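The values are calculated or read from the model by the stated rules, or taken from the named source; none is laboratory data. Model, not experiment: these values are computed from the prediction. Because the Cβ atoms are built from the backbone with ideal geometry, glycine has one as well, and the counts that use them run over all protein chains shown.
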Amino acid sequence: MTGGARASARLRLLACMAPACVVFGFAAPARAQLIQTLFPSDIPGYEPDLSASVVQRMLGQDEDSGVPVGSFIVHPDVSVGGGYQSEALGAPDTASSTLNTQASARINSNWEENALGASFTVDNEHYFALPQASYTNWSLGAGGTLNFGQDSANASYAHAVTNLTATDLGAIGIVDPVPYSIDDVRLSYDKLFARVVWTPGFEFQNYKFGGANGAFAVSDGALDHSVETESLAGRYAFTPGNSAVVILRASQAQFGSSRADDYSDEAVFAGLDVRGPAIFQYRALAGFETRRFGNAGVTATTPTFELDLAYTPTEIDTVTVSGNRTQSNPTSAFALNQTLTQLHVEYDHELTPAVFLRVNALYGFSNAVSASAGLPSQNQTQLGAGVSASWNVNQNLRATVGYQFSHGASNVAPGRPASGYPDYTDHMFTIGFSIFE
C-alpha cells in the first residue's frame with residue numbers, strides 16, 4: 001500500500017462491553033461509533049451514560065446482585081444467540097445464518113471513597129455460509145479514581161481487538177472483516193473551585209491493523225498510527241447536576257508508513273450537561289474542529305456537535321437521542337480525511353416489569369476527501385430501523401428477539417477486488433439468551 005493509504009479505520013466495536021449491549025446487542029445496527037463509546041462506562045475514568053432510560057432501570061434489576069469478593073463485586077455474563085443476515089458483507093449473495101456467543105466479567109470496588117474497576121469481554125460472530133466473514137472481538141480495561149478532598153485524579157487503560165466490516169459507516173473498500181487493535185490510556189485531574197471544575201486531561205491511542213483472511217486478503221498495516229490528545233474541560237454548575245461546559249482539545253497523529261498522513265487537530269466545544277432529576281437529561285455540545293495535514297498541504301475545518309438526550313415522559317417510556325458530527329480518521333485507504341454525521345433515535349417501553357420493548361432508527365452520512373488529487377470525495381449514506389424485545393425471565397436469565405433493517409448507498413464504487421457494490425440492503429433477524437449474575 002502506498003502513501004495513498006491515508007487513514008486509520010473509524011472505530012466499530014462489536015464486542016459488548018456494557019450490559020446494555022448484551023440486552024439489545026443481537027439487534028444492534030451496524031454503524032461507526034465514537035472512541036468514547038468503545039470502552040466500558042462502568043470503569044472509573046470512562047464517563048458513564050445518562051441514567052434516566054427505562055433500559056437503565058431494567059439493567060438495574062441485577063445491579064444489587066453479583067458475586068461479592070472481599071470489597072469488590074463481580075458481575076459475570078454469558079450470552080448466546082442466533083439469526084439470519086441477508087447481506088452480511090454488504091453485497092448480493094452474502095446471506096448467512098449466524099451464531100453469536102459472548103462472555104464478559106466486570107468487577108467494581110464497593111468502597112465509600114475512591115473507586116477501582118475492571119472489565120473483560122469476548123464476542124464471537126460466526127457466519128455458517130461465509131466462514132471468511134466470521135470474526136472474534138475481545139477487550140479488557142481497568143481504571144481508578146483517587147479522591148483528594150474535593151478533587152480527584154483519574155487513570156484508565158483499555159485494550160481492544162476488533163474488526164472493521166463492510167457495513168460500517170464510511171468503510172468503502174472493505175470486503176471481508178479487517179482486524180485491528182486499540183490501546184487507549186487516559187489521565188485526568190478534576191480540580192474544584194467553588195462551582196467551577198477544571199479538568200486537564202491527556203489521552204494516548206495506538207492502532208495496529210492486520211489483513212482480511214478471505215479471498216481478498218489485503219494488508220492494512222500501512223494504517224498503523226498513534227494519536228496523542230491534550231484537553232482542558234471547564235464545568236460551571238449552575239444547579240446540582242446541571243452544568244455549562246467548555247472543552248479545548250488538541251491532537252497529534254503519527255503514521256509509521258507515510259508522514260504525509262500525519263496531522264495536527266484543534267477543536268473547541270461549548271454547551272450544556274443537564275443530568276439533574278428531570279424529565280429531560282441531556283449533554284449538548286457544539287463547536288469547530290480544524291485538522292492540518294502538514295506534508296499533504298491540506299487543511300479541513302468543519303462545524304462539529306455532540307448530543308446525548310434522554311426524555312422520560314412517564315415511568316415506563318423513554319426516548320433517547322444521540323448524534324454527532326466530527327472529523328474522523330477515514331475508514332478507507334482511499335481517503336485523506338473524513339467527516340461523519342450520525343443520528344440515532346430509540347424508544348424504550350416497559351411493557352411489564354419484566355418485558356421491555358425497543359424501537360430504533362438511525363441515519364449516518366460520511367464525506368471522505370479523496371487521497372488522490374483530482375478524484376471526487378467519497379460519500380456514503382446509511383439508513384436503518386429496527387425493533388427488539390427483552391424479557392427478564394428471572395433474576396439471572398434474559399431472552400431477546402429482534403429485527404434490524406440497514407441500507408447503505410455510496411457515490412463511488414471502491415477500488416478493491418470484488419467490492420464494487422457501494423449500495424447494500426441488509427435484513428437481520430436475531431434471537432438470544434443471556435445468563436448473568
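For the reader, a short list of remarks on this structure follows.
- In a residue-by-residue description of the range 212-228, the property of being farther than 29 Å from Gly408 by Cα, crowded, with 17+ Cβ neighbours inside 10 Å and not aromatic (Phe, Trp, Tyr) applies to at least one position.
- Residues in the range 88-101 include at least one that is surrounded by fewer than 18 Cβ atoms within 10 Å (Cβ to Cβ) and under 17 Å from Trp138 (Cα atoms).
- Taken as a whole, the condition of being of a type outside the set (A, V, I, L, M, F, W, C), over 29 Å from Ala267 (Cβ atoms), modelled with pLDDT under 90 and out of contact with any Phe, Trp or Tyr (no Cβ under 8 Å at 6 or more places or on another chain) does not apply to Gly241.
- Complete set of residues in the range 75-97 that are touching a residue at least 40 places away in the same chain (Cβ under 8 Å), out of contact with any Leu (no Cβ under 7 Å at 6 or more places or on another chain) and either assigned to a strand (DSSP E or B) or at positive phi (or both): His75, Pro76, Asp77, Val78, Ser79, Val80, Gly81, Gly83, Tyr84, Gln85, Glu87, Gly90
- The set of residues in the range 153-171 being out of contact with any Leu (no Cβ under 8 Å at 6 or more places or on another chain) and surrounded by fewer than 20 Cβ atoms within 10 Å (Cβ to Cβ) consists of Tyr157, Val161.
- Within the option set Tyr127, Tyr135, being more than 23 Å from Thr199 (Cβ to Cβ), touching a helix residue (DSSP H, G or I) at 6+ places or on another chain (Cβ under 9 Å) and among the aromatic types (Phe, Trp, Tyr) holds for one residue only, Tyr127.
- Residues satisfying the criterion are absent from the range 169-177 (criterion: of a type in the set (A, V, I, L, M), in contact (Cβ under 8 Å) with a residue 40 or more places away in the chain and assigned to a strand (DSSP E or B)).
- Residue in the range 106-124 that is nearest to the chain's Cα centre (by Cα), counting only those that are free of Cβ contacts under 8 Å to residues at least 60 places away in the same chain and within 30 Å of Thr199 (Cβ to Cβ): Phe120
- Test: residue in the range 317-329 that is touching a Lys or Arg at 6+ places or on another chain (Cβ under 7 Å), part of a strand (DSSP E or B) and either at pLDDT 95 or above or surrounded by fewer than 22 Cβ atoms within 10 Å (Cβ to Cβ) (or both): yes
- Applying a threshold of 9 Å to beta carbon distances and a minimum spacing of six or more residues, or different chains, the list of pairs starting in the range 125-136 at a residue that is in contact (Cβ under 8 Å) with a residue 40 or more places away in the chain and surrounded by 17 or more Cβ atoms within 10 Å (Cβ to Cβ) and ending at one that is hydrophobic (A, V, I, L, M, F, W, C) and outside any loop (DSSP other than H, G, I, E, B) reads Glu125/Leu99; Glu125/Ala133; Tyr127/Leu99; Tyr127/Ala133.
- Residue list for the range 232-256, filter: in contact with a His (Cβ under 6 Å, 6 or more places away or on another chain) and assigned to a loop (DSSP other than H, G, I, E, B): none
- Checking each residue in the range 178-209 for being part of a strand (DSSP E or B), among the aliphatic types (A, V, I, L, M) and over 27 Å from Asn367 (Cβ atoms) picks out Val185, Leu187, Leu192, Val196, Val197.
- Gly297 meets each of the listed conditions (1) out of contact with any Pro (no Cβ under 7 Å at 6 or more places or on another chain); (2) without any contact (Cβ under 8 Å) to a residue 24 or more places away in the chain; (3) within 27 Å of Ser188 (Cβ to Cβ) apart from (3).
- Complete set of residues in the range 358-382 that are part of a strand (DSSP E or B), surrounded by fewer than 22 Cβ atoms within 10 Å (Cβ to Cβ) and at pLDDT below 95: Phe365, Asn367, Val369, Ser370, Asn379, Thr381
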